[in-house]
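All remarks here apply to the structure that follows.
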Amino acid sequence: VIYGYVEYFGHFLSKLNRGEAGQQNETQTTKKSSQPSFGPFATSEINAENKLRRCSFDGMIDCTRMATAVTYFDISRSTPPELFDEYAALNLHLYCYSIICATSSSFHLTDLVQICPWVKVETAIQGGRGFHWEKSFPSKGGEEVILTSIKKDYQEQVRSVFKASYSHLFEEYPSVKKLVKSALKTDLSMKGTMISKERGCKSDCVIWNKYSDHGGAFWVAIDKSDSLLGCIGVMKKDGKYSTHGLEASEYYEINRLAVRAEARGRGIGKILLDAVVCFVLQNTITYPVHIIAVTPKILGAANTLYSTNDFEMKEEKTIGKMLIRTYVKTYLSRQDYL
């Protein structure tokens, strides 16, 4: 039986390689390459994911054993009558291979699950989704604004703009100075690994990895000269959150929204906020989903941004001498945003 399987696998590999990769160049248009068309893609799930990320597959990535994937379809057969037959061999092959699904960052999670029902939702949206994403927008003044995920070269500018956004409050409100100092030492710190803890996916930006590891993302708005205009981050939070009787088992929280003083009034905050909403809804299957933002009342521009974009002020509380507001926006379905 063992020798029978060895011979069978030999024939199986021969069939896979029968259509040799027809690599041609300008000087050899008819000669086929001797390189087999069948070969290993990666040595592990993480290795496969890193390869796809480097090829700019910037959306969801899932790697599932073929044997698991086929259980989602009606492929049934009675127990084979013999130990050695093609059905048993096929089962063995299915445990040896995986099926990989990779999408762009604009692909919605619900659509992926409909196409590939075996996808592991929790892992498909981790590992750096959106890191290569970039899009241009016109600002209110007509200048082009480029919205992109934070990269290594923008980290110092982000720290500087965020600190400058609050520095005028430091003397009167020591608690704000403490908050900013804490942020610069934690999620806005440039100290850390360039490999995501959750999935092992490499990026060149420590801040991005910190947000990606929490099911979130971090974006920056820049001008044509590569100067930072503003930034925003979002993290996924576990735990129930309820508003107006609508309870969600998870929610998203906006962090580190800041717009450079000279760039205000040009719609940069709206561009950044829309990026968060789009990201959240692309990663949500179960509704309702809540997006939460916490900001001091004294920051008038931030409060105006949330209230004019249908965020409802849910709570006010005093921390030290400062009044802090919590804004919430609830989406009942993906269609609420379309």
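Criterion first (modelled with pLDDT under 75 and either surrounded by 11 or more Cβ atoms within 10 Å (Cβ to Cβ) or out of contact with any Phe, Trp or Tyr (no Cβ under 8 Å at 6 or more places or on another chain) (or both)) does ASN25 satisfy it?
So ASN25 passes the test.
Any residue in the stretch 143-170 that's in contact (Cβ under 8 Å) with a residue 40 or more places away in the chain and over 16 Å from TRP133 (Cα atoms): show its pairings with residues that are open to solvent by less than 50 Å² (accessible area, probe 1.4 Å) and among the polar types (S, T, N, Q) at Cβ separation under 9 Å, as long as the two are six or more apart or on different chains.
GLN157/SER227
Among the residues of the stretch 302-338, write down those that are assigned to a loop (DSSP other than H, G, I, E, B) and either open to solvent by 80 Å² or more (accessible area, probe 1.4 Å) or on the phi > 0 side of the Ramachandran plot (or both).
Scanning the stretch 302-338 gives ASP310, GLY320, LYS321, LEU332, TYR337, LEU338.
Within 30 Å of ASP62 (Cβ to Cβ), of a type outside the set (Val, Ile, Thr) and in contact with a Phe, Trp or Tyr (Cβ under 9 Å, 6 or more places away or on another chain): does that describe LEU299?
Against the criterion (within 30 Å of ASP62 (Cβ to Cβ), of a type outside the set (Val, Ile, Thr) and in contact with a Phe, Trp or Tyr (Cβ under 9 Å, 6 or more places away or on another chain)), LEU299 does not qualify.
Given the structure, is ILE292 open to solvent by less than 50 Å² (accessible area, probe 1.4 Å) and either more than 15 Å from LEU273 (Cα to Cα) or in a strand (DSSP E or B) (or both)? Don't jump to the end; show me each part of the working.
Details: open to solvent by less than 50 Å² (accessible area, probe 1.4 Å): yes; either more than 15 Å from LEU273 (Cα to Cα) or in a strand (DSSP E or B) (or both): yes.
Criteria met by ILE292.
Looking at (1) of a type in the set (A, V, I, L, M); (2) surrounded by fewer than 21 Cβ atoms within 10 Å (Cβ to Cβ); (3) at pLDDT 95 or above, which is the only condition LEU257 fails?
(2)
The values are calculated or read from the model by the stated rules, or taken from the named source; none is laboratory data. Owing to the predicted nature of the structure, the values given are computational and were not obtained by experimental measurement. Cβ coordinates were reconstructed from backbone atoms using ideal geometry, including for glycine residues, and neighbour counts include every protein chain displayed. Protein only, heavy atoms only, side chains kept; ligands, DNA and RNA dropped before computing areas. Shrake-Rupley method; radii C 1.70, N 1.55, O 1.52, S 1.80 Å.
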